[in-house]
Amino acid sequence: MVEKLPPEVQQAAQELEELQERYLAIVNQRTLIESEISEIKRVLEHLKELPEGYKVFKNIGNVLFEESKEKVVKELSEKLELDELLLDRYRKEEQSLKTQIQTLQEKLKDMIAKHYQSLATKEKKTITGS
């Protein structure tokens, strides 16, 4: 006979699944921001090597616009700063979720162990006739 897990165990398992989904979403967002930061740094390095007066173009939608090097560097530097703040936030949230997941996993293991232990005790009593 298959025993159904108690509602509190099912609820904890559902909560764990939701935390894991949020964790994966944050990891994906962090990875995207890290890639964007890397790309911005690479572009800024190339821009710094360009001589004064060199034509720089900025892509907006499907159109390229000529822009001053200084303005592009300033915009990219601001974007880099914002992305780094966002990355820090994602890392903190990721660590928090990781801790919550580990705690809930341990709690869930204990709940399941107690449930099966109580089932074994009931079965033993039934078999011995106590």
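Looking across LYS98, LYS92, LYS107, LYS58, one residue alone is free of Cβ contacts under 8 Å to residues at least 40 places away in the same chain, in a helix (DSSP H, G or I) and not β-branched (Val, Ile, Thr). It is LYS92. Across the stretch 28-52, the number of residues qualifying as without any contact (Cβ under 8 Å) to a residue 24 or more places away in the chain, in a helix (DSSP H, G or I) and not acidic (Asp, Glu) comes to 7. One residue stands out in the stretch 99-118 among those that are open to solvent by 90 Å² or more (accessible area, probe 1.4 Å) and not polar (S, T, N, Q): the one that is nearest to LEU47 (Cα to Cα), namely GLU106.
All conditions but one from (1) under 28 Å from GLU75 (Cβ atoms); (2) of a type outside the set (A, V, I, L, M, F, W, C); (3) open to solvent by 50 Å² or more (accessible area, probe 1.4 Å) apply to ARG30; the one that does not is (3).
Within the stretch 66-87, the residues that satisfy the criterion of being without any contact (Cβ under 8 Å) to a residue 40 or more places away in the chain, of a type in the set (D, E, K, R) and open to solvent by less than 70 Å² (accessible area, probe 1.4 Å) are GLU67, LYS69, GLU75.
When the stretch 1-27 is limited to residues that are more than 30 Å from LYS114 (Cα to Cα) and in contact (Cβ under 8 Å) with a residue 60 or more places away in the chain, the one that is surrounded by the most Cβ atoms within 10 Å (Cβ to Cβ) turns out to be ILE26.
The values are calculated or read from the model by the stated rules, or taken from the named source; none is laboratory data. Quantities reported herein were computed from a predicted structural model and do not represent experimental measurements. Ideal geometry is used to build each Cβ from the backbone, glycine not excepted, and the neighbour counts take in all protein chains shown. For the accessible areas, the whole protein counts, side chains as well, though only heavy atoms, and no ligand, DNA or RNA atoms are used. Shrake-Rupley method; radii C 1.70, N 1.55, O 1.52, S 1.80 Å.
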